[in-house]
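Student: The structure under discussion is supplied below as structure tokens; questions concerning it will follow.
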Amino acid sequence: MPVISTNTAANSALRYLNINSEDQSSSVSKIASGSRITKASDDAAGLAVGTSLLSDVTVLTQAATNASHGSSILQAADGGMSSISDIVQRMRSLATQALSGSVTDTERSYLDAEFQQLASEISGIASGTRFNDEALLDGSGNWAAGIDFRVGTTAADVINVQLSNVSATGLGINALDVTTSATAATALTALDTAVETLSEARADVGALISRFEFRSDMLATSIENTEAAQSAIMDVDVAAEQAELSSTKVKTQAAIAVLSQANSMPENLLSLLR
């Protein structure tokens, strides 16, 4: 029924214009942001899960960094132990030479001069091999007691790193000398034990390095998979959203045209009164 007091057609057209305009704005926001969920009402459950996954990615990324730091620290420790091992081998050579009957105590004193300098250098390397201004190998800091590296998303995902004291004191070779045949024999026995101690310490470090490397590989895979899951929930399907935008754009334009015509209907009805 044609009326002029209530423009029902215009009201209906305006309602659909508002709906289509809102849908169009929503599509534009999603495409511009790259996210399928630009407000909680888009997908409340998806937003909660996606946010949780994003948090996991952040934690896993830091855990991967922690694992890398742990491996680097252990590499530095192994480098220091390698140098100390070389020095211990040289000290064993000096002790063996001092045991020879072809040298006198005078010559042994010359050998002992180098022997003592090498013992001091072992302690120098042990205290000089440092991370964050803390010695790694002399048993003076937290590394001797053990330090945890967080390498996962839970408190249980830790790798404990404990480094042996491989200073001259820690190896039990700080009070040796080769000034006589008897002391040289004692020194050689102690040095043999030091070699075994060093070998065990380096084996432990090598095992930890291997563990950190495998954990780093696992974390990289976890980050990739978690990001993929988060993307599936949160990221917008550009092609589908562009199709939706095109559809809402046409509907909006149609609603505008219809609203314009609906607004002119009362004026056209008034022409009947002329």
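Student: Which of rounded, prolate or oblate describes the stretch 96-183 when judged by the alpha-carbon gyration tensor and an a/c cut-off of 1.5? Before the final figure, lay out the partial values.
Tutor: On the way: a/c = 5.02, a/b = 3.49, b/c = 1.44.
Prolate.
Student: With the cut-off at 1.5 for a/c, could you classify the stretch 48-119 from its C-alpha gyration tensor as rounded, prolate or oblate? Intermediate results must be reported in sequence, preceding the final value.
Tutor: On the way: a/c = 11.69, a/b = 6.84, b/c = 1.71.
Because a/c hits 1.5 or more and a/b exceeds b/c, the stretch 48-119 counts as prolate.
Student: Now for a separate question. What lysines does residue 39 reach when the alpha-carbon gap must be under 19 Å and sequence neighbours fewer than 8 apart in one chain are set aside?
Tutor: 30
Student: What does the extension gain come out to for residue 103 and residue 213, with contour length at 0.36 nm per residue minus their alpha carbon separation? Kindly include the intermediate steps, with their values, before the conclusion.
Tutor: Details: separation 110, 0.36 × 110 = 39.60 nm, distance 5.00 nm.
Here the answer is 34.6 nm.
Student: Can you give the local net charge around residue 64? Use residues other than it whose beta-carbon is closer than 13 angstrom to its beta-carbon, Lys and Arg +1, Asp and Glu -1. Write out the running numbers ahead of the final one.
Tutor: Numbers: positive: 150, 215; negative: 56, 157, 213, 217, 224, 227.
Around residue 64, the charge tally is -4.
Student: Apply the Karplus parameterisation 6.51 cos²θ - 1.76 cosθ + 1.60, with θ equal to phi minus 60°, to every residue of the stretch 50-60 and state each ³J(HN,Hα) to the nearest whole Hz, in sequence, with x for glycine and proline.
Tutor: Ordered by residue, 3J(HN,Hα) equals x, 5, 5, 5, 4, 5, 4, 4, 4, 5, 5 Hz.
Student: For residue 111, what is the net charge nearby, where nearby means another residue's Cβ is under 15 Å from its Cβ and Lys, Arg count +1, Asp, Glu -1?
Tutor: After counting each charged neighbour, the total is -2.
Student: Tell me the net charge near residue 158. Cut-off is 14 Å between Cβ atoms, residue 158 excluded, with +1 for each Lys or Arg and -1 for each Asp or Glu.
Tutor: Working: positive: 150, 211, 215; negative: 148, 157.
Neighbourhood net charge equals +1.
Student: Oh, and also: Out of the total accessible area of the stretch 118-187 (probe 1.4 Å, heavy atoms of protein only), what percent is carbon and sulfur? Numbers along the way, then the final one.
Tutor: Values: 1470 of 3170 Å².
That share works out to 46 percent.
The values are calculated or read from the model by the stated rules, or taken from the named source; none is laboratory data. Quantities reported herein were computed from a predicted structural model and do not represent experimental measurements. All Cβ positions, even for glycine, are placed from backbone atoms using ideal geometry, and neighbour counts span all protein chains on display. Remember, those area values only see protein heavy atoms, side chains included, never the ligands or the DNA or RNA. Shrake-Rupley method; radii C 1.70, N 1.55, O 1.52, S 1.80 Å.
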